[in-house]
1. Treating the beta-carbon of each Lys and Arg as +1 and of each Asp and Glu as -1, no other charges, what is the dipole magnitude of the protein assembly as shown about its Cα centre, to the nearest 20 debye?
2. Between A:Lys58 and A:Gln9, what is the label-point separation in nm under the 7 Å Cα-to-beta-carbon projection?
3. DSSP loop GluC sites (Glu not before Pro) in the range A:21-113 with at most 15 other Cβ atoms within 10 Å of their Cβ, which ones?
4. Any idea what Rg and Dmax come out to for the range A:1-46 if you just take the C-alpha atoms, in Å?
5. Measuring with a 1.4 Å probe in the full set of protein chains, what accessible area per residue, in whole Å², belongs to chain B?
6. Counting each pair of different Cα atoms once, what's the Kirkwood radius of chain A in Å, rounded to one decimal?
7. Return the whole-Å distance between the Cα centroid of the range B:29-80 and the Cα centroid of the range A:62-113.
8. Taking each pair of distinct Cα atoms in the protein assembly as shown once, what is the resulting Kirkwood hydrodynamic radius in Å?
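The values are calculated or read from the model by the stated rules, or taken from the named source; none is laboratory data. All values derive from a computational prediction rather than experimental measurement. Virtual Cβ from ideal backbone geometry, glycine too; neighbours counted across all protein chains shown. Surface areas here come from the heavy atoms of the whole protein model, side chains and all, with no ligands, DNA or RNA. Shrake-Rupley method; radii C 1.70, N 1.55, O 1.52, S 1.80 Å.
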Amino acid sequence: QQQVKQSPQSLIVQKGGISIINCAYENTAFDYFPWYQQFPGKGPALLIAIRPDVSEKKEGRFTISFNKSAKQFSLHIMDSQPGDSATYFCAAVPSTSGSRLTFGEGTQLTVNP
Amino acid sequence: ETGVTQSPTHLIKTRGQQVTLRCSSQSGHNTVSWYQQALGQGPQFIFQYYREEENGRGNFPPRFSGLQFPNYSSELNVNALELDDSALYLCASSLQGLGIYGYTFGSGTRLTVV
């Protein structure tokens, strides 16, 4: 049972463009929503995270938008760079489970020079 | 020593065999979680260990088992390997109470079952 659905599966963006990845969740017990970046041969690394009491969080070129009523959240990468080419995973975790993460299926981002 | 170290990096096993994967947690971390990442999929939570005891388990059968040692390192054991067990196995260490901000993933062990 997939509790976090992620789209698109793959994304190709030109350098300088905006990359947008979307996620939707079902379990209302989720109350923390991180995004992870994974390069080939490496484990996922935390990129940015948000709690549902805010609608947006920005860190540098990365922004999370959160819509609690729709149970959706998205990652925006502004001024995308070739070095951003990686697989991105959204995830969700209920505070009651500590650090047990439920991941989306992943989005493979390619930023062309 | 910093970071999470996993060994071996790659492994090939035959269906029906048993395998043990190892994880050395980041210095200062006392909690270890294991995830299975099938090709093209997101990681799936297997279980977590804290104070040498299982502290939460995902939807995996009992042939997936683990251990945590006094130095907080951990092992993942899989018995009666099946072809579908082929995946990247990720270990993540953290400090209990810090939640995901303290989460550090290793680079994983790529297991191939033939």
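1. 200
2. 3.4
3. A:Glu26
4. Final numbers for Rg and Dmax: 13.2, 38 Å.
5. Computed with neighbouring chains in place, this is 48 Å² per residue.
6. Its Kirkwood hydrodynamic radius stands at 14.1 Å.
7. Result: 24 Å between the Cα centres.
8. 18.0
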